[in-house]
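K.L.:
Following this message is one structure expressed as structure tokens.
The values are calculated or read from the model by the stated rules, or taken from the named source; none is laboratory data. What you see is a predicted model; the values in this text were computed from it and never measured. When we count neighbours, we look across all protein chains shown, and the Cβ atoms used for this are built from the backbone with ideal geometry, even at glycine. Keep in mind that these areas ignore ligands, DNA and RNA; they rest on the heavy atoms of the full protein, side chains included. Shrake-Rupley method; radii C 1.70, N 1.55, O 1.52, S 1.80 Å.
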Amino acid sequence: MAMGTFKPFQHSIIDNADRAMSFQSLSFASSHLSGGKLISPASLCSGRFISSKNAYHSRAAIIVSPKAVSDSSNSQTCLDPEASRSVLGIILGGGAGTRLYPLTKKRAKPAVPLGANYRLIDIPVSNCINSTISKIYVLTQFNSASLNRHLSRAYASNMGSYKNEGFVEVLAAQQSPENPDWFQGTADAVRQYLWLFEEHNVLEFLILAGDHLYRMDYEKFILAHREADADITVAALPMDEKRASSFGLMKIDEEGRIIEFTEKPNGEQLKEMQADTTILGLDDERAKENPYIASMGIYVISKDVMLNLLRQSFPAANDFGSEVIPGATSIGMRVQAYLFDDYWEDIGTIEAFYNANLGITKKPVPDFSFYDRSAPIYTQPRYLPPSKMLDADITDSVIGEGCVIKNCKIHHSVIGLRSCISAGTIIEDTLLMGADYYETNDDKILLYAKGSVPIGIGKNCHIKRAIIDKNARIGDNVKIINIDNIQEVARESDGYFIKSGIVTIIKDAVIPSGTII
């Protein structure tokens, strides 16, 4: 079985006492700054008091050098009632994904391939499973066919058991007499399905985004929400000034309560949102580098609070970040911040997507690791053969399943599943997504006879700083190196776009032999 392939509760029934807590990350869950009290990690579980010093030494993380393979360290998160029975996960599929176009031309944003073997939606679903949250809805309305197919193959038959009615279900936007319009925003999407969500006997709704790359223990997040007796808890992270205007920003008091929230401020409004982030546990140097507290767009909302907010308090609000959260703060609800100070990336643009993928090749420690054994990332089982490398020179790269790579040079690249790369080719700083199927030798002979090109990369090509989407057909002697250093151009009829200087070859595109981009 491939690494990360999902099987019934293989990792999701790990005892809570053996769960992971990164020693490098800061959070209100580890410092337990929540509500009006500072709670020590060792005293979270009643009747299980141990000194934090002893807990540290007895539960030290297992480190393999280099740190490419790791375990999250262990924590003691005692939810009562447990998350599998008391929390409903709601993953928002996002809008049309125009900033990720052309990767979203034929698929929803959460269905975009990631890290050679996965798709973006696997991240929040895996985080839920690893946090024992087994009731999960995914809301979407754009190009949802491939997302539906992936989720049904990966999770549909594996989530339930005799005692646990788990599921991962896609809810598409639909018109009804009460709601004649499509989803108008994140809050409106949830509102349109409140009739379904309220049928579940749960305490909280966990609102997630389908296009973020991170690893998070939601049980700690939910615990902080309950300990603070909060109405809403917002996942937050320290943010530098360069990126701050792209996020909802907040100010908090010494108890972690949000006292002001502004969505994507600019200019003077941005400066007014600066905060002393040492309150989050940052040292003076990091606090100076990151003077803002940004919302991750991830929320725990108590069930009754959600029903009241979307139906009574703000029945016309379309968005959580710009309307519901600031509104809840303004009417005096207890809205708490929960610090997440680890790797997190919003995959909203081509450049962010490119950097996030190539970040997994970084050494000695990747930006995001798919090798955490106690919190794995699941995906659909494909039963592909091992990748085959014949006389190839491959450095600082990640290779997916089922690839055939012949006598070529690959450096600092991510090669997706079923990729076929021919002799003499050089690939540098590139994300190659691979293919959905193999072509037989007879298929290739027929294609050559018609003057066409097989799926994969032809002979003697040079590809640098590019994204090659699935099933692309690259002929022989093709150069994709952005020779003129163009930053932005749309050549859809020719099979490619350039955004932020990164060449993106469209899915199913044919690039004839001898082409120079």
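K.L.:
I need every pair where a residue in the range 243-264 that is closer than 12 Å to Arg334 by Cβ has its Cβ under 8 Å from the Cβ of a residue that is among the charged types (D, E, K, R) and part of a loop (DSSP other than H, G, I, E, B), sequence separation at least 6 or different chains.
P.N.:
Arg257/Arg334; Ile259/Asp253
K.L.:
Here is a list of conditions, (1) modelled with pLDDT under 85; (2) surrounded by fewer than 19 Cβ atoms within 10 Å (Cβ to Cβ), and Phe183 meets all of them except one; can you say which number that is?
P.N.:
Failing condition for Phe183: (2).
K.L.:
Between a residue in the range 300-328 that is more than 24 Å from Asn201 (Cα to Cα) and any residue that is open to solvent by 30 Å² or more (accessible area, probe 1.4 Å) and among the aromatic types (Phe, Trp, Tyr), which pairs come within a Cβ distance under 6 Å, given they are 6 or more apart or on different chains?
P.N.:
Qualifying pairs under 6 Å: Gly327/Phe314.
K.L.:
A further question on this structure: Just for helices (runs of 4 or more DSSP H) wholly inside the range 51-144: which have at least 2 residues that are at pLDDT 50 or above? Quick ask: steps written out before the conclusion?
P.N.:
Working: elements: 52-58, 83-86, 122-130.
Hits in the range 51-144: 83-86, 122-130.
K.L.:
So, in the range 85-118, of the ones that are of a type in the set (D, E, K, R) and more than 14 Å from the chain's Cα centre (by Cα), which residue ends up least open to solvent (accessible area, probe 1.4 Å)?
P.N.:
Among those that are of a type in the set (D, E, K, R) and more than 14 Å from the chain's Cα centre (by Cα), it is Arg107.
K.L.:
Being closer than 19 Å to Lys106 by Cα and modelled with pLDDT of 95 or more: is that true of Lys464 here?
P.N.:
Values: closer than 19 Å to Lys106 by Cα: no; modelled with pLDDT of 95 or more: yes.
No: the conditions fail for Lys464.
K.L.:
A follow-up question, please. Restricting attention to the range 258-265, does a residue exist that is under 25 Å from Arg226 (Cα atoms), out of contact with any Lys or Arg (no Cβ under 6 Å at 6 or more places or on another chain), open to solvent by 50 Å² or more (accessible area, probe 1.4 Å) and polar (S, T, N, Q)? Break it down stepwise before answering.
P.N.:
Keep residues of the range 258-265 that are under 25 Å from Arg226 (Cα atoms), which gives 258-262.
With the extra rule that they be out of contact with any Lys or Arg (no Cβ under 6 Å at 6 or more places or on another chain), the set shrinks to 258, 261-262.
Checking which are open to solvent by 50 Å² or more (accessible area, probe 1.4 Å) leaves us with none.
Checked the range 258-265: no residue is under 25 Å from Arg226 (Cα atoms), out of contact with any Lys or Arg (no Cβ under 6 Å at 6 or more places or on another chain), open to solvent by 50 Å² or more (accessible area, probe 1.4 Å) and polar (S, T, N, Q).
K.L.:
If you go through the range 298-324, how many residues are modelled with pLDDT under 90 and either of a type in the set (A, V, I, L, M) or touching a Gly at 6+ places or on another chain (Cβ under 6 Å) (or both)?
P.N.:
Number of matching residues: 5.
K.L.:
Hey, can you tell me all the residues within the range 380-436 that are of a type in the set (Asp, Glu) and either touching a strand residue (DSSP E or B) at 6+ places or on another chain (Cβ under 6 Å) or free of Cβ contacts under 8 Å to residues at least 40 places away in the same chain (or both)?
P.N.:
The first filter runs over the range 380-436 and keeps only residues of a type in the set (Asp, Glu), leaving 391, 393, 396, 401, 428-429, 436.
Within the range 380-436, Asp391, Asp393, Asp396, Glu428, Asp429, Asp436 qualify.
K.L.:
Looking for whichever is out of contact with any Gly (no Cβ under 9 Å at 6 or more places or on another chain) and closer than 30 Å to Val112 by Cα here; the options are Arg215, Arg286. Which one fits? Show your work before the answer.
P.N.:
Details: Arg286 fails: closer than 30 Å to Val112 by Cα.
After ruling out the rest, the residue left standing is Arg215.
K.L.:
Where the second residue is part of a loop (DSSP other than H, G, I, E, B) and basic (Lys, Arg) and the first is in contact (Cβ under 8 Å) with a residue 60 or more places away in the chain and surrounded by 16 or more Cβ atoms within 10 Å (Cβ to Cβ) and lies in the range 467-488, which pairs have Cβ atoms under 7 Å and are six or more apart or on separate chains?
P.N.:
Matching pairs, first to second residue: Asp469/Lys507; Lys470/Lys507.
K.L.:
Which one is surrounded by the most Cβ atoms within 10 Å (Cβ to Cβ) among residues in the range 305-328 that are over 26 Å from the mean Cα position of the chain (by Cα) and not in a helix (DSSP H, G or I)?
P.N.:
It comes out as Phe314.
K.L.:
Of the conditions (1) out of contact with any helix residue (DSSP H, G or I) (no Cβ under 8 Å at 6 or more places or on another chain); (2) surrounded by 22 or more Cβ atoms within 10 Å (Cβ to Cβ); (3) of a type in the set (Ser, Thr, Tyr), Tyr448 clears all except one; give me its number.
P.N.:
Of everything listed in (1) out of contact with any helix residue (DSSP H, G or I) (no Cβ under 8 Å at 6 or more places or on another chain); (2) surrounded by 22 or more Cβ atoms within 10 Å (Cβ to Cβ); (3) of a type in the set (Ser, Thr, Tyr), Tyr448 misses just condition (2).
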